[in-house]
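First up is the structure itself, then whatever we jot down about it.
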Amino acid sequence: MRQGNIPAQAGTTAGGERHPELLDTVLTLIREVGYDRMTIDAVAARARVSKATIYRHWPGKVDLVAAALRHRHVGVQTPADTGSLRGDLLELLRTTAAICTADSDLMQALILAMRTSPELEHLIRQQVLPAGRVASVAVVVRAAARGEIPAEAGERDLFHDLAPAMVMSRILAHGLPADEDFFTQLVDQVLVPVLRYRAV
């Protein structure tokens, strides 16, 4: 099963590996001042690097922000292998909830920025969101290998969108706790049935 094609731009991966602190600084500044007011000059000053270093790896602000978001996904979304689909899904939800709680201000800032920057919207949809599926893809690949779900289940976009959408809705929209009772209900009543569904 393919895990999605994530377009890579020249220098992005290598630059991200060499400058994790710089990418963290990008997200910190977006939280503090918003996407529109975040500048390459401010990033360079806060991270104590030259602008030439930044432009050597990323052609502009939008590309830098996209790289920072991919770096954030890679850093926090390594899924645990619990040995069962149900256990993996619960771990996935706990991780997703932790990200939503920690990054709620960042998410809201980027949602607003996407409305005014078509280029940023395009990069997030084409590069960042597919990177965010790495965890859920890993969960279904393992479950299919164990024989817990049909092999074609991993290709269902519905599943990959459900978990983050429902967790974000609960935390950000409704202001309710994402606790173990919620995780259990979501796994048992929604996610597992979706993955085990077989078309007649």
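The values are calculated or read from the model by the stated rules, or taken from the named source; none is laboratory data. What you are looking at is a predicted structure, and each value in this text was computed from that prediction instead of being measured. Every residue, glycine among them, receives a Cβ derived from its backbone with ideal geometry; neighbour counts consider all protein chains shown. To get the accessible areas, we keep the full protein, side chains included, count just its heavy atoms, and leave off ligands, DNA and RNA. Shrake-Rupley method; radii C 1.70, N 1.55, O 1.52, S 1.80 Å.
Entry note, the chain: relative contact order of 25 percent, from Cα contacts under 8 Å with a spacing of 6+ residues.
Electrostatic tally near P150: other residues with Cβ closer than 9 Å to its Cβ, Lys and Arg +1, Asp and Glu -1, net +1. Remark: the chain carries 52 Å² of accessible area per residue (probe radius 1.4 Å; ligands, DNA and RNA excluded).
Within the shell defined by Cβ-Cβ distances under 15 Å, the residues around A98 carry a net charge of -2, with Lys and Arg each +1 and Asp and Glu each -1.
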